[in-house]
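The values are calculated or read from the model by the stated rules, or taken from the named source; none is laboratory data. The model shown is predicted, which means the values in this text are computed figures rather than measured ones. Virtual Cβ from ideal backbone geometry, glycine too; neighbours counted across all protein chains shown. Quick note on the areas: whole protein, heavy atoms, side chains included, nothing else; ligands and nucleic acids left out. Shrake-Rupley method; radii C 1.70, N 1.55, O 1.52, S 1.80 Å.
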Amino acid sequence: MFDVLIVGGGVSGISCALVLGSAKNKAFVTDKKIGIFTHQKSSSLQEAIFYNAYGITPGKLGSALLPESTQDLAQTYPHIAQIPNEKVIKIEGTYPEFRVITNKNSYQTKNIVIGIGSANTFAIEGLMQYIEPHKKALPEKQRIQLKNDDHKVTDGIYVIGTLAGWRSQLAIAAGSGAAVATDILTLWNNGVQTHAHDSIR
């Protein structure tokens, strides 16, 4: 049983995993099992090049950033389970007992974070009732988002990145994933507001 499964290995998903991973030494996190589906083939970063993203060398290709991000996650926070080459097709159950079904396996988890982009080809059974037109995308692009209140779709299910209704900027997607990670840390900390910082002190 996972405590949280993140669906999507793009900017928002990896950012969420990094923040959760960085809290590993907090007493309320040490026993938590965290996983991320790192499927990246349909990520919009595959065609991106960055000149306006903080901390990223100008001219960096998104197609290079994607594999580097999963490698960095594995090296820095090896306790986070990476699940590659699996596509989530169905979610069953209610909080705190969900079953996530992929094209190859099924997994039990207490919480789910969805961060797979806003294309109108979205087809995860069990979440289709939450689809609505994207509020910050041009209508002709036919983008969608999941109905949410501050990233929360329903108890135990969160949405991040463009699928949460944000615009497709790397910094926005990263912040969205990090924000949900701190919400989950707060949940694990019995509702006491918390976050995770790294420091040289």
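Taking strands (runs of 3 or more DSSP E) that fall entirely within the stretch 115-185, which contain at least 3 residues that are touching a helix residue (DSSP H, G or I) at 6+ places or on another chain (Cβ under 9 Å)?
On the way: elements: 131-133, 144-146, 152-154, 157-159.
By residue number, 144-146, 152-154, 157-159.
Go through the stretch 186-201 and give me each residue that's open to solvent by 40 Å² or more (accessible area, probe 1.4 Å) and either part of a loop (DSSP other than H, G, I, E, B) or of a type in the set (Asp, Glu) (or both).
Of the residues in the stretch 186-201, the ones open to solvent by 40 Å² or more (accessible area, probe 1.4 Å) are 187, 190-193, 195, 197-201.
Correct list: Asn190, Gly191, Val192, Gln193, His195, His197, Asp198, Ser199, Ile200, Arg201.
Return only the number of the condition from (1) over 16 Å from the mean Cα position of the chain (by Cα); (2) crowded, with 18+ Cβ neighbours inside 10 Å that Gln145 does not satisfy.
In the conditions (1) over 16 Å from the mean Cα position of the chain (by Cα); (2) crowded, with 18+ Cβ neighbours inside 10 Å, Gln145 misses (1) alone.
Please enumerate the residues belonging to the stretch 104-114 that are of a type in the set (S, T, N, Q) and either in contact with a His (Cβ under 7 Å, 6 or more places away or on another chain) or assigned to a strand (DSSP E or B) (or both).
Taking the stretch 104-114 and keeping what is of a type in the set (S, T, N, Q), we get 105-106, 108-109, 111.
Those that are of a type in the set (S, T, N, Q) and either in contact with a His (Cβ under 7 Å, 6 or more places away or on another chain) or assigned to a strand (DSSP E or B) (or both): Ser106, Gln108, Thr109.
Report yes if Gln82 is at pLDDT 95 or above, under 20 Å from Tyr107 (Cα atoms) and polar (S, T, N, Q), otherwise no.
yes
Residue by residue through the stretch 103-119, note down the ones that are within 16 Å of the chain's Cα centre (by Cα) and at pLDDT 95 or above.
Thr109, Lys110, Asn111, Ile112, Val113, Ile114, Gly115
On the given criteria, is Ile101 part of a loop (DSSP other than H, G, I, E, B), β-branched (Val, Ile, Thr) and surrounded by 13 or more Cβ atoms within 10 Å (Cβ to Cβ)? Break it down into steps so the answer makes sense when it comes.
Values: part of a loop (DSSP other than H, G, I, E, B): no; β-branched (Val, Ile, Thr): yes; surrounded by 13 or more Cβ atoms within 10 Å (Cβ to Cβ): yes.
In short, no.
Considering only residues that are touching a His at 6+ places or on another chain (Cβ under 7 Å) and charged (D, E, K, R), which ones fall in the stretch 115-149? Spell out how you get there, then give the answer.
Start the filter on the stretch 115-149 by keeping residues that are touching a His at 6+ places or on another chain (Cβ under 7 Å), which leaves 118, 143-145.
If the condition is that a residue be touching a His at 6+ places or on another chain (Cβ under 7 Å) and charged (D, E, K, R), then Arg143 is the only one that fits.
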